[in-house]
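Here the structure comes first, spelled out in structure tokens, and everything after it is commentary.
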Amino acid sequence: MVDERQGRARPTNGESWTSATSGYCTSPQKRVADAYLHAAIDGDRTEALRIIRDDAFAAGLSVGQIYLGVIQEAQYEIGRLWEDGHITISQEHLATAISQLAIAQLYAMMPRGSAAGHRVLITCVPGETHDMGPRILADFFEMAGFEVRYLGADVPVEEIINAAEAAEPDLIALSATMSYNLPAFRKTVECLRTRFGDDVLIAAGGQAFALTPELLDELAIPVRANDARQLVEQSRSVLGLTNGE
Ligand code: B12
């Protein structure tokens with residue numbers, strides 16, 4: 001059955017999640033995303049990666065569309081299916097591990113823009129273990145020709161400072177998914193400004209801010225975005241990069 005509010009298929013009356021979603025998707029991107037979601041939750045790595053490597057490109061999808069419209073969408077749906085009790089944590093783990101492989105496969109295939117001569121440091125805030133978001137940011141920046149330093153999950157604030165000292169980035173991107181990691185986000189911003197001055201360029205984002213956007217105003221965070229594509233566009237304009245640079 002299709003749940004009109006969310007525009008998504010939802011299992012009802014003992015229907016399994018697979019039968020509920022099959023046949024629902026319309027656009028080529030949704031058909032690929034649905035097929036990928038099925039294979040990922042079934043734990044079928046070979047099939048899931050074949051869908052990304054073959055079907056997604058055959059459907060005319062760009063690398064950016066595959067990252068956001070297939071893999072990110074699948075991860076969001078996995079969260080909803082887990083939250084609604086339709087899949088187990090082990091199925092979430094199976095699928096997420098496959099999505100990490102799919103991203104690695106896309107990384108090897110992605111186009112790279114001309115060097116923008118700018119460097120970005122990307123990291124999760126301390127305590128944050130959701131790292132697929134910032135990892136996709138890193139790939140989008142590299143596609144746009146930026147030099148990327150990606151630290152990953154749950155990085156202590158001192159190590160974020162050390163990495164920034166070593167890399168001298170033009171932009172530091174901080175990612176938080178869980179609201180209970182927002183105090184660590186605030187501390188990280190304060191420590192970065194104490195060490196590098198108030199004009200250190202900080203970007204912030206992740207699902208934690210969907211619930212608390214006012215924190216970005218309170219801390220006067222200059223660069224914000226909802227996804228990787230928006231962040232690269234924002235960063236380019238804040239860094240004064242024009243098309244072709
Ligand atoms: C995979 C996953 C996990 C994995 C993470 C593995 C990994 N290496 O990443 C594990 C198993 C570790 C995990 C643990 C938990 N999880 Co979890 N998880 C997920 C899941 C299913 C997918 C996450 C993902 O990959 N998303 C896809 C990425 C690409 O999207 P994204 O993070 O939003 O990133 C994009 C944007 O937000 C933005 N963005 C992100 N960072 C930044 C930074 C900047 C600067 C900018 C500009 C933009 C930006 O751009 C990104 C790319 O486009 C989500 C569901 C969901 N809705 O995301 C639940 C979810 C986030 N998890 C949830 C929960 C509750 C937990 C646990 C507390 C469960 C538990 N009881 O233990 C723990 C907490 C662990 C911790 N301390 O952090 C809930 C959070 C609900 C809430 N907000 O409170 C969710 C929403 C599931 C649900 N529907 O309930 N989880």
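Got a number for residues in region 30-68 being within 17 Å of the chain's Cα centre (by Cα) and without any contact (Cβ under 8 Å) to a residue 24 or more places away in the chain?
Adding up the residues that qualify gives 1.
Only helices (runs of 4 or more DSSP H) wholly contained in region 204-245 count here; list those with 1 or more residues that are at pLDDT below 95. It would help to see each step written out before you state the result.
Values: elements: 208-211, 214-218, 228-238.
By residue number, 208-211, 228-238.
Can you confirm whether region 172-188 contains a residue that is over 18 Å from residue 124 (Cβ atoms) and part of a loop (DSSP other than H, G, I, E, B)?
First, the residues of region 172-188 that are over 18 Å from residue 124 (Cβ atoms): none.
No; the residues of region 172-188 include none that is over 18 Å from residue 124 (Cβ atoms) and part of a loop (DSSP other than H, G, I, E, B).
For region 102-132, give me each residue that is away from the ligand (no atom under 12 Å from the Cβ) and either aromatic (Phe, Trp, Tyr) or part of a helix (DSSP H, G or I) (or both).
Here is the first cut: in region 102-132, the ones away from the ligand (no atom under 12 Å from the Cβ) are 104-119.
If the condition is that a residue be away from the ligand (no atom under 12 Å from the Cβ) and either aromatic (Phe, Trp, Tyr) or part of a helix (DSSP H, G or I) (or both), then 104, 105, 106, 107, 108, 109 are the ones that fit.
Could you please tell me which pairs satisfy a Cβ distance under 7 Å, a separation of 6+ or placement on different chains, a first residue in region 215-238 that is in contact (Cβ under 8 Å) with a residue 24 or more places away in the chain, and a second residue that is of a type in the set (S, T, N, Q)?
The qualifying pairs are 223/234; 223/235.
Check 144, 138 and return the single one that is open to solvent by less than 40 Å² (accessible area, probe 1.4 Å), touching a strand residue (DSSP E or B) at 6+ places or on another chain (Cβ under 6 Å) and more than 19 Å from residue 184 (Cβ to Cβ).
Values: 144 fails: touching a strand residue (DSSP E or B) at 6+ places or on another chain (Cβ under 6 Å).
Being open to solvent by less than 40 Å² (accessible area, probe 1.4 Å), touching a strand residue (DSSP E or B) at 6+ places or on another chain (Cβ under 6 Å) and more than 19 Å from residue 184 (Cβ to Cβ) holds for just one of 144, 138, which is 138.
For region 216-229, which residues satisfy the criterion of being under 16 Å from the mean Cα position of the chain (by Cα) and open to solvent by 70 Å² or more (accessible area, probe 1.4 Å)?
224, 226, 229
Only one of (1) of a type in the set (Gly, Ala, Ser); (2) in the same structural domain as residue 161 (by TED's automatic domain parsing); (3) under 21 Å from residue 36 (Cβ atoms) is not met by residue 90, so which one is it?
(2)
Tally up the residues in region 159-215 that are open to solvent by less than 40 Å² (accessible area, probe 1.4 Å), at positive phi and more than 10 Å from the ligand (Cβ to nearest atom), please.
Qualifying residue count for the region: 1.
Assess whether residue 66 counts as being at pLDDT 95 or above, open to solvent by less than 60 Å² (accessible area, probe 1.4 Å) and touching a Phe, Trp or Tyr at 6+ places or on another chain (Cβ under 7 Å).
It is false that residue 66 is at pLDDT 95 or above, open to solvent by less than 60 Å² (accessible area, probe 1.4 Å) and touching a Phe, Trp or Tyr at 6+ places or on another chain (Cβ under 7 Å).
The values are calculated or read from the model by the stated rules, or taken from the named source; none is laboratory data. What you see is a predicted model, and the numbers here were worked out from it, not measured in a lab. Neighbour counts are summed over all protein chains in view; Cβ atoms, including those assigned to glycine, are modelled from backbone coordinates with ideal geometry. For accessibility, only protein heavy atoms count, side chains too; no ligands or nucleic acids. Shrake-Rupley method; radii C 1.70, N 1.55, O 1.52, S 1.80 Å.
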